[in-house]
Amino acid sequence: MSGEQNSAVGEQGSAKLANAAKADESTKPSKAAKAAKTAKTAKTAKTAKAAEEATRAGTAKPVKAAGRAGTAKPGKSGRAADAATAGEAGGTGEAGGASRRAPRAWKPESRLAMVRRARRINRELAEVYPYAHPELDFRNPFELLVATVLSAQTTDLRVNQTTPALFAKYPTPEDMAAAAPEELEEIIRPTGFFRAKARSLLGLSTALRDDFGGQVPGRLEDLVRLPGVGRKTANVVLGNAFGVPGITVDTHFGRLVRRWKWTEQEDPEKVEAEICEIFPKSEWTMLSHRVVFHGRRICHSRKPACGACPIAPLCPAYGEGETDPEKAKKLLKYEMGGYPGQRLAPPPDYPGRPAAPLGTGDE
């Protein structure tokens, strides 16, 4: 091969190598692109680490959205219109995603912080339930006293479905005191434990007739002397028939105040004493109604509707129930869920539907 041929071959080979190198260089990222990619990776890692630390510390801030979950109070809007949504409050959900999470860790708080939180919960509940009321039908103190005695171990709805026939036959303490036990038992049978309740009604009616001139007394010490009447029943009557403030510690009230860490007491009288120290006396009666309303409608015993709760950000037990807003909405009861309430004759400002009488199938 001549020198010229060698030179040509060499030039061709050099050209091929140059072209290959150029093509390879075009497929490699530039220095600027490398730097941008590195910065983005570092930022993502930093964000993920911060989110993980916030989750562990339970510091993710919940956002209210009860209005969207169907718990906004009828005809009004306000702070209570929103509750904790999925992806927040528990601090472990992804943005835009709704998932069930484990209860968040609740940090210990001072007595002052607990009192402030408790009073804020009361204010929030006042916005959600401005129409809160006793859910027993009554027209006078005697009817409320009898209905409250009958409400033990049954629902207010069942009592309300039973008392119209009862009061039609025995409208006064004198009438009920003279009732034949068997006839009284038969009327109140739907409320359960009818024999024991009949004895209590006969006893308290007789005491009202003989000791109080047929009138229900307006003092706690007198009411608790009546057969079948304890502090809970006495406070219901005093607060709603006489306007005397009192805390009514029923099953719902005791369960919620312990769930909210207002008290650790189990005994109703001790619960009453501790809650009375947290709130001014003027709030006692309405506080009782609001807490009971919330326990019956949203904060259920076995499966709370956490995702539809207007006070979720203030609740130490958030996450014990359903946190998905749509699923939680299906758990709502009475007017919150679009169903009838417990009263056959509710107050004029009640936003829900009245309950149906006994025997109509809506029981």
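Things worth noting here:
- Some residue of segment 174-188 being in a loop (DSSP other than H, G, I, E, B), under 28 Å from A355 (Cα atoms) and β-branched (V, I, T): no
- Subset of segment 317-354 [crowded, with 17+ Cβ neighbours inside 10 Å, in contact (Cβ under 8 Å) with a residue 40 or more places away in the chain and within 30 Å of T163 (Cβ to Cβ)]: L332, E335, M336, G337, G341, Q342, R343, L344, P346, Y350
- Note on segment 136-154: residues that are of a type outside the set (A, V, I, L, M, F, W, C) and part of a helix (DSSP H, G or I) total 3.
- The single residue among T263, T251 that is out of contact with any Leu (no Cβ under 7 Å at 6 or more places or on another chain), hydroxyl-bearing (S, T, Y) and within 18 Å of L150 (Cβ to Cβ) turns out to be T251.
- Test set (1) crowded, with 21+ Cβ neighbours inside 10 Å; (2) closer than 24 Å to S110 by Cβ - P280 fails condition number: (1)
- All of (1) more than 12 Å from the chain's Cα centre (by Cα); (2) touching a residue at least 60 places away in the same chain (Cβ under 8 Å) hold for L314 with one exception: (1).
- Of the candidates V159, V249, V236, V224, the single residue that is in contact (Cβ under 8 Å) with a residue 40 or more places away in the chain and among the hydrophobic types (A, V, I, L, M, F, W, C) is V236.
- Close Cβ contacts (under 8 Å, 6 or more residues apart or on different chains) running from residues in segment 112-140 that are more than 30 Å from P164 (Cβ to Cβ) to residues that are surrounded by fewer than 17 Cβ atoms within 10 Å (Cβ to Cβ) and among the basic types (K, R) comprise M114/K261; E124/R79; E127/K76; E127/R79.
- Considering each residue of segment 215-223 in turn, at least one proves to be farther than 12 Å from P173 by Cβ and crowded, with 21+ Cβ neighbours inside 10 Å.
- Residue match in segment 203-220 (condition: under 34 Å from the mean Cα position of the chain (by Cα), among the basic types (K, R) and modelled with pLDDT of 95 or more): yes
- For segment 321-362, the set of residues classified as within 14 Å of the chain's Cα centre (by Cα) and assigned to a loop (DSSP other than H, G, I, E, B) consists of G321, E322, T323, K330, L331, L332, K333, listed by residue number.
- Failed criterion for W260 (all others in (1) free of Cβ contacts under 8 Å to residues at least 60 places away in the same chain; (2) closer than 21 Å to N122 by Cα; (3) aromatic (F, W, Y) hold): (1)
- Against the criterion of being assigned to a helix (DSSP H, G or I) and under 18 Å from V237 (Cβ atoms), L157 does not qualify.
- Residue satisfying all of: in segment 97-154; at pLDDT 95 or above and of a type in the set (S, T, N, Q); farthest from T285 (Cα to Cα) among these: S110
Yes/no matrix, rows are residues, columns are (1) within 36 Å of the chain's Cα centre (by Cα); (2) at positive phi; (3) modelled with pLDDT under 95; (4) β-branched (V, I, T):
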position: T163; (1), (2), (3), (4): yes, no, no, yes
position: A168; (1), (2), (3), (4): no, no, no, no
position: M176; (1), (2), (3), (4): no, no, no, no
position: A180; (1), (2), (3), (4): no, no, no, no
position: E183; (1), (2), (3), (4): no, no, no, no
position: R189; (1), (2), (3), (4): yes, no, no, no
position: G192; (1), (2), (3), (4): yes, yes, no, no
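- Residues satisfying the criterion are absent from segment 316-328 (criterion: closer than 19 Å to T155 by Cα and hydrophobic (A, V, I, L, M, F, W, C)).
The values are calculated or read from the model by the stated rules, or taken from the named source; none is laboratory data. This one's a predicted model, so the numbers in the text were calculated from it and none came from an experiment. Counting neighbours? That spans all protein chains shown, and the Cβs are built from the backbone with ideal geometry, glycine included.
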